[in-house]
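The values are calculated or read from the model by the stated rules, or taken from the named source; none is laboratory data. A quick note: this is a predicted structure, and the numbers were derived from the prediction, not measured. Note that we place each Cβ from the backbone using ideal geometry, even for glycine, and neighbour counts take in every protein chain shown. Remember, those area values only see protein heavy atoms, side chains included, never the ligands or the DNA or RNA. Shrake-Rupley method; radii C 1.70, N 1.55, O 1.52, S 1.80 Å.
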Amino acid sequence: MGFTKTIKNIWSVEDLRRRIGITLLLVIIYRFGCYVVLPGINPDELLALKNFTADGLMQLLDMFSGGAFSQASIFALGIMPYITASIVIQLLGMVLPAFQKMQREGESGRMKLNQYTRYLTVLILVLQGPAYLMNLKYQVQAAGGHVELGFWTILFMTIVLAAGSMFIMWLGERIDQKGVGNGISFIILIGIIARLPEAFVQEFTGRLMNSQGGGLVLFLVEIVILLAVIAGAVLLVQGTRNVPVQYAKKVVGNKQYGGARQFIPLKVNAAGVMPIIFAQAIMFIPVTLVGFSTEQTGFFGALTDMYGFWYNLIYFIMIVAFTYFYTAITVRPAQMAEDMKRNNGFIPGIKPGKPTVDYLDSIMSRITLPGSIFLGIVAILPAIAHVCGLNRSFASFFGGTSLLILVGVVLDTLRIVEGHLIMHKYDGLMKHGRIKGRSSGSSAF
């Protein structure tokens, strides 16, 4: 009954109904474009490309593109070039004074950064387009087919691929402005969800066909574990605060100014999911260098197998390192100590100034370690699930970037819908409390 009432409330809000309708229309356009094959390519000869993207990082690329990568679609390069450009610009804003200045300039600075992001996206597309086309030619010819790719054909198709990716970016911006919001993230979410039913059916069928029996019980156990992993991902994405550092106002005579003791809430996972995004972007480099044009063998081949030991070991170490890096540049103990001093506060037993900075820094270093390890474990859970017997498609939903994006975008979308309902004096989506979206460090896209 409560669900039916919520649907009626959503439908009764004209603005929210219009936004949801526009979002669905744009999603349909995006999904339709994923099946529009590049001109001059025979769709019947793409079986080899689909097999090539069935495993490893290519599977992840195909998932983020909603299957367009394996379809040789005009949307084959997807939104990942824009994501990569956004990460680079964000990193530059952390280390270069010129970009830091633009970040502080408000709306005008944000428009400049967006413009630079678009320029960098086009540059990445110009580099990735020919690489994708050469890989397409190699895969089709290896299967006995034929693709004629001369210079002008490559140039033309690269322009088509670049235009397709820029059109996806435009769709995301329209979802931001006219739809439910989170446009770019929502586009990725649709691509991930599009692969879920097939993966679910494959795992269910495989368990039922298990000759040793008990397949249905194992499948139910997998679903329970998946739900537990999703619950953990929700806590991780929301950035739970649970390590308070106590401090008090200065005392003059017998009077303590400011009343009771105050608390500085420090996050166990202050970096959110950004370390996974950074590490994943770097792990895509071997694919760009060798995966598009040669067979995936040797050391670089091992780095393209997202279920292999070496890939996950390096991936885990990079996530731990990036967690410390991102925490160091976002959580500033010196600024916290200065704010505390400005408010006439102090930590009992710790002198103001540098001792307070060192104390806060040591605490952040200690609590970041378990947070980084937990984040790394969540990232490599798909490989662990595959080792435990799950098929690769279904195992990819047990953690990693895909699960965190899915959970984060769903939470943000529900929070936006709930905000519209509350603004029009309706009940929220929950009987008690309000939906909490992603923490600031988690909003990667």
Q) Taking R0 as 41 Å, what's the FRET efficiency between residue 160 and residue 369 from their Cβ-Cβ distance, rounded to 0.05? A) 0.30
**Q.** Karplus (6.51, -1.76, 1.60) ³J(HN,Hα), θ = phi - 60°, over the stretch 76-92, in Hz, Gly and Pro reported as x
**A.** 4, 7, x, 9, 4, x, 5, 4, 4, 4, 5, 5, 4, 5, 5, 5, 5
Q: State, to one decimal in nm, how far the label point of residue 96 lies from the label point of residue 216, with both points 7 Å from Cα in the Cβ direction.
A: 6.0 nm
**Q.** Taking the stretch 299-407 and dividing mean pair separation by its residue count, relative contact order in percent (alpha carbons under 8 Å, at least six apart)
**A.** 27 percent
Q | Probe 1.4 Å, all protein chains present, accessible-area order of 32, 397, largest first | A | 32, 397
**Q.** Length released on extending from residue 193 to residue 111, taking residue separation times 0.36 nm less the Cα-Cα span
**A.** 26.4 nm
Q: Would you mind getting me the FRET efficiency between residue 200 and residue 309? Use the beta-carbon distance for r and R0 = 35 Å, nearest 0.05.
A: 0.80
Q: May I ask you to compute the full-extension gain from residue 44 to residue 317, defined as 0.36 nm times their residue separation minus their alpha-carbon distance, rounded to one decimal in nm?
A: 94.1 nm
Q: Would you mind calculating the gained length between residue 423 and residue 329 on full extension (0.36 nm times residue separation, minus the Cα-Cα distance), in nm to one decimal?
A: 30.3 nm
(Q) Show me, for the stretch 15-28, the HN-Hα J-couplings you get by feeding each phi into the Karplus relation (A = 6.51, B = -1.76, C = 1.60, θ = phi - 60°), rounded to Hz, glycine and proline as x. (A) 4, 5, 4, 5, 5, 5, x, 5, 4, 4, 4, 5, 5, 4
Q: Among the listed pairs 178/267; 101/341; 112/137, give every one whose C-alpha distance is greater than 32 Å.
A: 178/267; 112/137
Q. For the residue pair residue 149 and residue 354, what label-to-label distance in nm results when each label sits 7 Å from Cα along the Cα-to-beta-carbon direction?
A. 5.9 nm
Q. Which cross-chain or sequence-distant (5 or more) residues have an amide H under 5 Å from the amide H of residue 267, H modelled 1.01 Å from N in plane?
A. none
Q. What order do 420, 386, 146 take when sorted by accessible area (1.4 Å probe), most exposed first?
A. 146, 386, 420
Q) For the residue pair residue 338 and residue 35, what label-to-label distance in nm results when each label sits 7 Å from Cα along the Cα-to-beta-carbon direction? A) 5.7 nm
